[in-house]
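Throughout, read-outs are computed from the coordinates displayed, never taken from laboratory work. Given the structure is predicted, the values throughout are model-derived calculations rather than measurements. Please note: Cβ atoms are built from the backbone with ideal geometry, for glycine as well, and neighbour counts cover all protein chains shown.
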Amino acid sequence: MNYIFLGMPGSGKGTQAEALAEKFNIPIISTGNCFRKHIKNETELGLQVKDILEKGDLVPDEITFEMMKKEIETMDISNGLILDGYPRSIKQAELLKEFLKIDIVLNIELSEDQVLLRIGGRRTCKCGETYHIKFNPPQKEGICDKCGKELYIRDDSKEETIKNRLQVYKEQTAPLIDFYKEQIINIDGNPPIPEVTEEISKKLEINN
Ligand code: ADP
Ligand code: AMP
């Protein structure tokens with residue numbers, strides 16, 4: 001089965017994608033993580049997209065699609081795949097349709113106020129793990145439980161950038177809820193992380 005996680009920035013897509021990936025033993029592709037890796041490694045693509053991510057705009061559709069396709073080609077997706085952060089526009093969804101069948105779209109619903117609290121306390125590790133200073137703190141402050149590296153605050157967590165990201169979500173990404181109306185399962189993103197994971201598991205069982 002192939003899954004997409006939809007939702008506002010900070011709604012918990014990455015966190016729940018990790019949990020589902022572990023449960024089903026299937027890989028995740030997070031386009032945001034891929035871009036951040038390119039930026040860190042100063043690749044040609046990284047240099048091209050650095051300013052776009054810092055502003056909170058979307059990387060152009062064709063560039064994002066090509067990067068995602070290349071990444072998928074290196075993965076074993078025989079049991080399925082989880083897409084976290086892709087697609088983010090109707091054009092991206094149309095490109096994806098020609099390439100991969102999507103079975104289920106999990107749409108995490110959360111208010112803007114909560115999203116701001118979540119992004120405000122988010123701490124990220126280069127290995128891909130995500131924490132929250134209050135809601136999901138690491139065992140040792142500032143250090144990743146999984147790999148021991150130092151956690152950092154993402155460059156796109158500034159107030160202006162977050163405002164722009166929410167606007168971009170409303171204009172370009174929210175229309176996907178209708179695009180995927182046949183595959184969508186709505187998830188309440190408000191409860192604590194394990195409870196959201198549990199709701200996703202239950203709803204997936206019902207739909208199987
Ligand atoms: P997204 O991938 O949608 O941008 P993340 O998974 O990075 O969102 O989550 C944003 C922040 O909120 C992170 O700091 C994460 O630890 C925290 N978080 C995620 N889900 C929950 C939850 N259900 N309750 C409280 N905090 C959460
Ligand atoms: P995320 O880690 O999902 O919050 O994404 C961080 C940033 O990466 C976004 O604000 C965009 O600038 C860029 N990005 C991630 N996924 C996409 C996508 N599917 N299309 C365009 N830009 C993307």
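Here are a few things to note about the model shown:
- Considering residues of segment 16-30 that are of a type in the set (S, T, N, Q) and buried (at least 21 other Cβ atoms within 10 Å of the Cβ) only, the residue nearest to Glu199 (Cα to Cα): Gln16
- Hits in segment 45-59 - residues which are of a type in the set (D, E, K, R) and part of a loop (DSSP other than H, G, I, E, B): Asp57
- Residue within segment 60-83 that is crowded, with 21+ Cβ neighbours inside 10 Å and either assigned to a loop (DSSP other than H, G, I, E, B) or without any contact (Cβ under 8 Å) to a residue 24 or more places away in the chain (or both) present: no
- The listed residue being more than 18 Å from Pro192 (Cα to Cα) and touching a helix residue (DSSP H, G or I) at 6+ places or on another chain (Cβ under 8 Å), out of Lys97, Lys101, Lys70, Lys55: Lys55
- Test for Ile29: is it away from ligand 1 (no atom under 16 Å from the Cβ), of a type in the set (A, V, I, L, M) and not in a loop (DSSP other than H, G, I, E, B): no
- Apart from one condition, Lys13 fits all of (1) basic (Lys, Arg); (2) surrounded by fewer than 19 Cβ atoms within 10 Å (Cβ to Cβ); (3) touching a Gly at 6+ places or on another chain (Cβ under 6 Å); the exception is (2).
- Of residues in segment 95-125 being more than 15 Å from the chain's Cα centre (by Cα) and within 13 Å of ligand 2 (Cβ to nearest atom), the one farthest from Lys203 (Cα to Cα): Leu95
- Residues (farther than 16 Å from Leu6 by Cβ and either in a strand (DSSP E or B) or touching a strand residue (DSSP E or B) at 6+ places or on another chain (Cβ under 8 Å) (or both)) located in segment 90-107: Lys101
- The residues listed here are Lys50, Lys13; of these, the one that is basic (Lys, Arg) and within 16 Å of ligand 1 (Cβ to nearest atom) is Lys13.
- Residue match in segment 175-188 (condition: within 25 Å of Leu53 (Cβ to Cβ) and within 11 Å of ligand 1 (Cβ to nearest atom)): no
- Qualifying positions in segment 24-66 - of a type in the set (Asp, Glu) and under 26 Å from Lys97 (Cβ atoms): Asp57, Asp61, Glu62, Glu66
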